[in-house]
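Nothing in this text is a laboratory measurement; each read-out follows from the coordinates by a stated rule. Being a predicted model, the structure only gives us computed values, none of them experimental. Ideal geometry is used to build each Cβ from the backbone, glycine not excepted, and the neighbour counts take in all protein chains shown.
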Amino acid sequence: MITRDSAPPTNPMLDWTRKSLAQWVPEHYSDFVSVKWKDTHLGDMSGWSGSLRTIVNSIMAHPYQMVLYWGKEYVTIYNASYADCVRRRHPQLLGQTLHQAWPEAYEKIHEHLQACRRGLSIIRTGDSAPVDRVETDEECYFDWTLTPILEKAGNVGGVLWQQYEGTARILQNRRREMLRSLRKITANSRNTVDFWFAVLEAFDSNTLDSPFVALYEVPKNNDNEAILLGTRGIPQGHSIAPRVIVLAEYTGIFAEEIRKARQSGAKATKRDLLKISSLRLLAQRGFKAPCSTAVVIPIMSTGGVGGDAARMEAFIILGINPRRALDDDYEIWIDQIQDNITEYLGAVRTAEARIEEAMKVQIEDFERRRASELADKLREVEAELRKNELRFTNMASAIPIGLLEMDADCSERFANDAWHKIMGIPRFGPQKKWCDVICAEDRERCTAHLKGSRISGKPASIEYRVISGDEGSKWVTSDIIPRFDDVGDIHGYYATVTDITPLKLAEAMQKERADEALERTRQQERFIDMTCHELRNPLSAILQYSELILDIMDAYENEGSGSLDIDTITEASNTIILCTTHQRRIIDDILVTSKLDSGLVRVEPVDFRPETYLHKSVGMYQADAKAKGVKMSFSVEGSYRELDVQWLKGDPARVMQILSNLITNSIKFTAGQETKQLDVRIGASLEKPTSCGDVKYDKDDDDGSENCVVNGPQWGDGEIVYLTITVIDTGIGIPDDVQKTLFARFQQAPKTETKYGGSGLGLYICKNLVKLLGGSIGVASKTELGAQFSFYVATRRGNRLDKEAEDPGWFAQLTGRMTGSARTSRNASSQAPVKSPPHLLPRAKGPSEVTGFKILVVEDNLINQRVLKRQLESLGCTVWTANNGREAVEFIEKSSLNRRASARAHDIEICFMDCEMPVMNGIAASKKIREMQSSGMLTRHLPILGVSANVRGPKGTSSTML
């Protein structure tokens, strides 16, 4: 029988699930009770089950790191010890679901959590676990367990995570193993050359704690010079490891640390390496991340050999693990490396000295005995051979160029370290032939060069790519020299190999930059041309129609009788308004683009009714659509009705700006199609949409919910609603390759710029405005099958306004601009001359020699066409018009200039030809007319006057072609 206390405990802190009456409580308790539990999935603590209360109190009192994930939602509750592991997320993580509050951790352990909820206990040793306590990634290891927690009914209520950090143990074992490897590898060294290579090899056993290594030796005969013996994790030729360092003059990255280490005999630390651009790209070993700290380790002589004073015989530049701090354990390990290398080097030096002494004694003994001259000569030859062998070995090992001796079948006979490193073939391991590591694309070409060298007996030079282990492919150049035997037959080759990858990369980068500069120049020139053309044409019309109005008023005042020609004045005024509206649209696009680039566009949320205002906006374009034969509709999707959207808080002016751009584009590109249909739809969603129909939204537009625009204080606290707007048309469609860059600056579908005009800024502005409103925009289209543009913006539910406030100022300004635009008809070009009555014509300002000509005006811009036609008719000319070059050619074929023309055919004396037009431009039309004239089809020469508003003139064509 269990004995229970007869009275409740006197310590009020024993139960964490009830409010404490104590004057002092732990900081973690304050964080725990400050959570609004009633708003979480667990509900208010008063309704918690006994099992939940018991386990919560247990983990809070436990000294080890423990966290409880309760319920299917995995609501997070943890003790003060575990808070240190999530100090960057504490205390916000308390009471939150794991997959929402910490998605990275949920992704890593959710399979374990699900297995544990099925009743399985899990234990792991030396494994990684979710940790978020420092700004950068941290290398750490834990022993952890997952235990299912049962409710009273026997079901699994939650999962208990317990962890014990074992990072120090694993790091110590790893570093201890490296020291053991250092001792084992260097034990076989018979001289200092082998010893230093063994030291570098020992660092390969722990690449995580040695991301990069550079080993320098200070020759005894030149104490002011350090020679690079080898590197690990540093590309050849990198500035961090020059081949030779003059210690007194060196000003490189580690100059100060090398001097400190040399003077003190102790290691010197270099920090803040990430501020050096060349070191930020140095990430080839370990965690493949750049190091922020490095240490210079001096290797000092013991001063016991030969009675020399202690000096720095070598030094090591060691990169520090980017995911571990340089703490006491790390420094102890580095000190042990320094002590061990110094000790082992002293032993090698002693062994060398003993060997030398023994050899000296032996030689002296040989000399004393003078056994024979042959033996003496033999010893001399052997000594010379060893010297030459050592000289060749040192030279082959030191030079950065790979050397290779091959048999006739390309099998390796000898290769230096540089060749193995460049080609990516390990010195010790499975042997590979030279041709085995060549990229498949270059192998046949290299084989052909080798065969040609075998046939001709001459050297061959070739550039090719090789597959070099983890480094991927690299570019090299080789000189292949045939090797002959005593009778003159080829029985092998000598080859050199040099890494030219940096040179190839530099060439590729230079070409890429040149192409980018050329493209920027082309875009800038096109933008200037477009702006000048789009602004100057309406300016000419404004000037001419203003003079027309003044002439009519002057005539009315001077004659003193008759009626004022109101129709002509109205037509001229409407044309002026239309021109200024067009100019304003171009200037607005440029200004909005500039504001977007400068970050000056602001979102101003107001309460509005989306259905009402969007319907009004669509209605403003009904007249334009009807004039072009486009059937236009507006509909509300079911998602909008299901959410009962009435009033929202957002920036309707920006939404209208986006929608207006999409509608005008759709009308423009649909007007010439056989089926002319344009549909505008609105919908709504409480979740951030990822697609709409065939449109897939760009994930890169998502800045995260915490950065959403609607989180500002002026947006209120209403429910977030994502307003979706879709424009679907049956226009010309957009090719797949163009859709990828459609929303970039100055980008337009091919052939639409000359045929349909435009600045190439509209969709770029839409993209940036949508992103500013916390949304995304996308397109789905097939050529000649129409297009679907869809975008969504973030809003909140708003408050209903009174009737007087339902039409805010932004809509009045927008409708004012639209309804105030000129109402002009889009008459097709007429090929019959139309002469205005004399009282409608403006008076000539002076004598003119143009009077009475019969002129064909070829102009695609209706305004310019109308202005030029009126000017010429005011001078008494008979004027015909054509909208493009093809219509002009067809009109001339039917005119009196044709030898086969009828008696009633129109006569033409001169042609005014615009240079840049759709269908057929002025240059092409002029060539066609001249071809007709040369073939004898025309009875006489037709003068052609070229007209253009392009400040640069016709691109790539001389004006003499006219």
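Taking 7 Å steps out from each Cα toward its Cβ at SER573 and ILE467 produces label points 7.9 nm apart. Evaluating 6.51 cos²θ - 1.76 cosθ + 1.60 at θ = phi - 60° for every residue in the range 284-301, the Karplus couplings come out as 10, 10, x, 7, 6, 10, x, 8, 9, 9, 9, 10, 9, 10, x, 10, 9, 6 Hz, glycine and proline recorded as x. Convert each backbone phi in the range 921-938 into a coupling constant with the Karplus relation 6.51 cos²θ - 1.76 cosθ + 1.60 (shift: θ = phi - 60°), then list the ³J(HN,Hα) values in order as whole Hz, x for Gly and Pro. Values per residue, Gly and Pro as x: 6, x, 5, 5, 5, 5, 4, 4, 5, 5, 5, 5, 5, 5, 6, x, 5, 9 Hz. Computed over the range 11-125, the convex hull of the alpha-carbon atoms projects to a mean area of 7.7 nm².
Normalising the Debye intensity of the range 171-280 to I(0), with uniform scatterers on Cα atoms only, and taking log10 at q = 0.09, 0.12, 0.17, 0.24 Å⁻¹ returns -0.27, -0.49, -1.00, -1.47.
With contacts taken as Cα pairs under 8 Å and at least 6 residues apart, the range 111-159 reaches a relative contact order of 42 percent. Tell me the angle of helix 167-186 to the major Cα principal axis of the chain, expressed in degrees between 0 and 90 and rounded to the nearest ten. Roughly 60 degrees, rounded to the nearest 10. Remark: the range 716-732, residue by residue, has Karplus-estimated 3J(HN,Hα) of x, 10, x, 5, 6, 10, 9, 8, 10, 10, 10, 10, 10, 9, 10, x, 6 Hz, where x stands for each Gly or Pro and the curve is 6.51 cos²θ - 1.76 cosθ + 1.60 at θ = phi - 60°. Is the shape of the range 854-947 rounded, prolate or oblate, going by the alpha carbon gyration tensor and its root eigenvalues a ≥ b ≥ c, with a/c under 1.5 for rounded and a/b larger than b/c for prolate? Oblate, since a/c reaches 1.5 and b/c is not below a/b. Amide H of LYS696 versus every other amide H placed in the peptide plane: which residues, excluding those fewer than 5 positions away on the same chain, fall under 5 Å? Counting only residues 5 or more places away or on other chains, the set is VAL779. Would you mind estimating how fast the range 601-801 diffuses translationally, via Stokes-Einstein at 20 °C and 1.002 mPa s with the Kirkwood radius over Cα pairs, in µm²/s? Translational diffusion coefficient: 125 µm²/s.
Cα extents for the range 400-499 along the principal axes, largest to smallest and rounded to whole angstrom: 43, 27, 23. When the Cα atoms of the chain are aligned to their principal axes, the ranges along those axes come out at 142, 110, 48 Å in descending order. Centre-to-centre, using Cα atoms only, the range 430-504 and the range 230-265 are separated by 34 Å.
Dipole size of the chain about its Cα centre, with +1 on Lys/Arg Cβ and -1 on Asp/Glu Cβ: approximately 1420 debye, rounded to the nearest 20.
Here the spin labels are modelled as points 7 Å beyond Cα on the Cα-Cβ line, and at THR54 and LEU505 they lie 6.3 nm apart. Over the range 188-356, the hull volume per residue, using the convex hull of the C-alpha atoms, is 110 Å³.
You can think of it this way: the chain between THR147 and THR521 has 128.1 nm of extra reach, that is 0.36 nm per residue less the Cα-Cα gap. Gain on full extension, evaluated as 0.36 nm per residue between ASP694 and ARG88 minus their Cα-Cα distance, stands at 214.1 nm. Applying both filters, DSSP loop and at most 15 other Cβ atoms within 10 Å, to the GluC sites (Glu not before Pro) of the range 214-278 gives GLU249.
Quick one: grab the alpha carbon gyration tensor of the range 326-433, order the square roots of its eigenvalues as a ≥ b ≥ c, and give me rounded if a/c is under 1.5, else prolate or oblate depending on whether a/b is larger than b/c. Verdict is oblate for the range 326-433. Residues of the range 309-330 falling in the label zone of GLU256, defined by backbone nitrogen less than 20 Å from a point 7 Å along Cα to beta-carbon, are 316-320, 326. Per-peptide packing, taken as the mean over residues of other Cβ atoms within 10 Å, places 563-569, 313-319, 357-363 in the sequence 313-319, 563-569, 357-363 from highest down. Between helix 192-203 and the chain there is an angle of about 60 degrees, using the helix long axis and the longest principal axis of the Cα atoms. The Rg/Rh ratio for the range 110-206, using Cα coordinates for both the radius of gyration and the Kirkwood hydrodynamic radius, is 1.28. Neighbours of ILE227 by Cβ distance under 11 Å: Lys/Arg scored +1, Asp/Glu scored -1, total -1. Report the Stokes-Einstein translational diffusion coefficient (µm² s⁻¹, integer) for the range 662-721, Rh taken as the Kirkwood radius over Cα pairs, at 4 °C with viscosity 1.567 mPa s. The diffusion coefficient I find is 86 µm²/s.
Each Cα pair under 8 Å and six or more residues apart adds its sequence gap; the mean of these over the residue count of the chain is a relative contact order of 6 percent.
On the basis of the beta-carbon distance and an R0 of 51 Å, ALA375 and ALA248 show a calculated FRET efficiency of 0.60.
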